[in-house]
Amino acid sequence: MPKTVGVAVSNATFHFDKLYTYAVMPDQQEAVRLGSMVLVPFGRGSRARMGVVLACDEEPEHAKLKYLFDVAPASACLTPELLRLVHFLKERTFCTYYEAVKAVIPYGAQYKPALAADGVTPVLQKQLTRHTENSYKLVGTLQQKPKPTAKQLAAVALLSGGERTQNEMEAHGITKAVLDNLCAKGVVECSKVNKSIDLYSSIPLKNEPITLTAQQQAAYDALLPGLEDTAPHSALLYGVTGSGKTLVFLKLIERCLALGRRALVLVPEISLTPQMILRLKSRFGRRVAVQHSALNHTERLLQWQMIQDGGADIVVGTRSAVFAPLESIGLVIIDEEQEHTYRSESAPRYAAQEVARQRAAENGSLLLLASATPSTESFYAAQNGRTQLVRLTQRYGGNPLPSVQIVDMRAELASGNPREISLAMEDAIRRNLDAGRQTILLLNRRGYQTMAQCDDCREVLKCPKCSVPMVYHKAGHKLLCHYCGTQLDPPPKTCPACGGKLLYRGFGTQKAEEELAQLFPEARVLRMDQDSTAAKDAHEKLLARFARHEYDIMVGTQMVAKGLDFEDVTLVGVLGIDSLLFAQGFRAYETVFSLITQVVGRSGRAKDPGFAIIQTTDPDNPVLNLAAAQDYDAFFEQEIAYRKLGLYPPFCGLCVVGFSGPKEIEVARAAARFSALLGRQAAQQPDLPLRVLGPTPGNIEKINENYRYKLTIKCRADKRFRDLVRQTLGLYEQEKLPSKATVVVDMHSDGDI
């Protein structure tokens, strides 16, 4: 048993994030092991701090060791694989040990410091209380004298089929009193088990076999050897929108479970989970667990415990589900793998694909990336044979791809149409309404009007804390900052700079909703954006209502562009794409191409042909035209040539080091000093390929009264480079620079900190 342990403590700075040695009390030795959550005295005042045991030593470093305050029960111990992921995140993302621990286990399974009943002794307390319920199993036979009651006989009959919970028994009309009586007779035994919630129990099971088309079958057959082999494999399933990739997933999952292994399915955002859950639950029933941020803490904890207890064969969820405590993983699917939502923007700054690749390597799994518009890096890897490439070139059911019209909005304005909805779009929506069909409109800006500009000095009204324009939201009659949440209520009428008249202009989802109501008063319009879907289960409920034809037109932000499958949607409109087309970051064109291809692909997915209209002020733009033609291969050729010429991924790694603080001059100096320290360290390794750009102000110079600067480093993203950055961070902390500007390192950025 360990006499001493190495503990990583919470709230450590990067520089002081090491293992601290503590002594273990004799009565704690049975409970302490690698991965145990512990409470420790830390620092001069021996304040209670959370920690996790990452090393067990027999030999103490010195005689005066502090003892652990408290140890969490064994059920809260990190599994060996999750422990390895903590080390992996620490090494790859420059986070602290405890930041990694908080990423791999949900809030509800974490602990916090508290005081015992005596008000003095520090103890661990769960963030959430553990939810248990009674479970009953048959352990004896029911005697015939005295004569058993009908309810007792029914209870024994039910339990003869296996263990059941109190809830399940009560659902069959058997009360706790009957069960207590049987327990007293020694016929039935009661135990406490973790409460499980079948979140989507209303979904009916369908057992019809999965029928694949010839092309889907060929894709399945090509992927099968990688699944059946116990070595790790990776593949890219590249299929046009509507080609039926999900059916291939279901068939592979079915085979994975038949092999006695488990499957992990990731989707890029919450709005896509309902459809994936529906397909998995209706096929595989109760043994599907869900992990995503729209669940409340209790639901998420109960699902996590179900996975940890071995009660799930399939886990489906968004980015953080990649840390699910699944054992024996045979298949990891990342749907819409190109999406930026798979990259975390707070510590630890990981990419789900990178973590999934690590888990696939450990488990000997098949990692399957899937998309109609793969990321340039993934497709390049597939073309060069580093990943298996499997294509689906035809739509399911032989449906043709939608025909696309590009409308020049400059011509609309010249012909006297001031509205944001073009005449061509208006006609098409009207025809669709008359035919009883549905329409999806993509507009990448929430709010009502997107900016207020002074008529005299032309200044745009910006947030007082951030360097971004404020957005008018009509429902609350206020101006909002989408970055820090600052509100101006009521909205000002005059310019704060010169007193001139403010004009509100621009076009957000709320304004689009209003314009549609004026043009088509008979149409039922659904708005899908961050404001309308903030409530719990809102995505699911709204999408279900749209599927039931309670709405004719859905207008929304990016969340309406991907993965949704509605038979009666035959028209898709793209309204606000130009701002993305001219955005910063080397992925700007890839993002626009993907978004348009995906949203156009929502149209004509059943028997009726689809149509799409793209509105733009740049109708000759090659990216828009290639997306309209759904010609990914031609786009890739153009994009890979640009990446090679400009030296961007996949031809290099891109690391962005961000600095922020309240005084701009200090932030700029700290960034320049980091750059100098990095240069000094790099000079000792002249063979290390490196190109440092900056420091420059961030794309958004100020957020929430903090100024932002960044260094962009083109590098070979390997261990040598990470060690170089780690040394530089250490020197930066030694010079006490974090007090001037906090520093973050992001190995997965698009360069847009």
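Since every read-out is calculated from the coordinates, none of them should be taken as a lab result. Nothing here was measured: the structure is a model prediction, and the numbers come from that model. Cβ sites come from the backbone with ideal geometry, for glycine too, and all protein chains shown count toward neighbours.
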Item to complete: Compute the signed sum of charges (Lys and Arg +1, Asp and Glu -1) over the other residues within less than 11 Å, Cβ to Cβ, of V468.
Response: +2
Fill in: Alpha-carbon centroid distance for the pair region 297-326 / region 716-735, whole angstrom
34
Fill in: Residue among L575, L645, P689 farthest towards the positive dipole end of region 571-690, charges placed on Cβ
P689
Discussion item. Quick check: the distance between the Cα centres of region 374-413 and region 630-651, to the nearest angstrom?
Written reply: 14
Worksheet item: What shape does region 239-309 have by the C-alpha gyration tensor, where a ≥ b ≥ c are the square roots of the eigenvalues, rounded means a/c under 1.5, and otherwise prolate means a/b greater than b/c and oblate the rest?
Response: oblate
Practice prompt. May I ask you to list the GluC sites (Glu not before Pro) in region 336-395 that are in a DSSP loop and have at most 14 other Cβ atoms within 10 Å of their Cβ?
Written response: E345
Worksheet item: What does the helix-only formula give at 222 nm for the chain: each DSSP H stretch with n ≥ 4 adding -39500 (n - 2.57), the total divided by the residues, and the result rounded to the nearest 500 deg cm²/dmol?
Response: -9500 deg cm²/dmol
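Beyond 25 Å between alpha-carbons counts as too far, so tell me which of K126/K736; K251/K281; K245/K714 fall in that bin.
K126/K736; K245/K714
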Worksheet item: Farthest toward the dipole's positive end in the chain, which of I307, L264, C715, given Cβ charges of +1 (Lys, Arg) and -1 (Asp, Glu) about the Cα centre?
Response: I307
Worksheet item: If you take the charge dipole of the chain about its Cα centre, with +1 on Lys and Arg Cβ and -1 on Asp and Glu Cβ, which of L389, Q216, G661 is farthest toward its positive end?
Response: G661
Worksheet entry | Length-normalised contact order for region 31-119 - Cα pairs under 8 Å, 6+ apart - percent | 31
Worksheet, complete the sentence: Once the in-chain neighbours fewer than 8 apart are removed, the lysines whose Cα is under 16 Å from K147 read K185
Worksheet, complete the sentence: Reviewing [x] 47, 40, 23; [y] 88, 37, 29; [z] 45, 38, 27, the figure for semi-axes √(5λ) of the Cα gyration tensor in Å actually calculated from this model sits under [z]
Worksheet, complete the sentence: Env charge @ A360, Cβ radius under 15 Å, K,R +1 / D,E -1, value -1
Fill in: For region 370-382, 3J(HN,Hα) per residue [Karplus equation, 6.51 cos²θ - 1.76 cosθ + 1.60, θ = phi - 60°, Hz, x = Gly/Pro]
9, 5, 7, 9, x, 5, 4, 5, 5, 5, 5, 4, 5
Worksheet, complete the sentence: In debye to the nearest 20, the charge dipole size for region 568-724, taken about the Cα centre with +1 at each Lys and Arg Cβ and -1 at each Asp and Glu Cβ, equals 940
Worksheet, complete the sentence: If every Lys and Arg gets +1 and every Asp and Glu gets -1 at its Cβ, then about the Cα centre region 373-460 yields a dipole, in debye to the nearest 20, of 580
Worksheet item: Which value, in debye to the nearest 20, gives the size of the charge dipole of region 653-746 about its Cα centre, when Lys and Arg are +1 and Asp and Glu are -1 at the Cβ?
Response: 160
Worksheet, complete the sentence: The long-range amide H neighbours of R262, using H built 1.01 Å from N in the peptide plane and a cut-off of under 5 Å, are I329, G330, L331
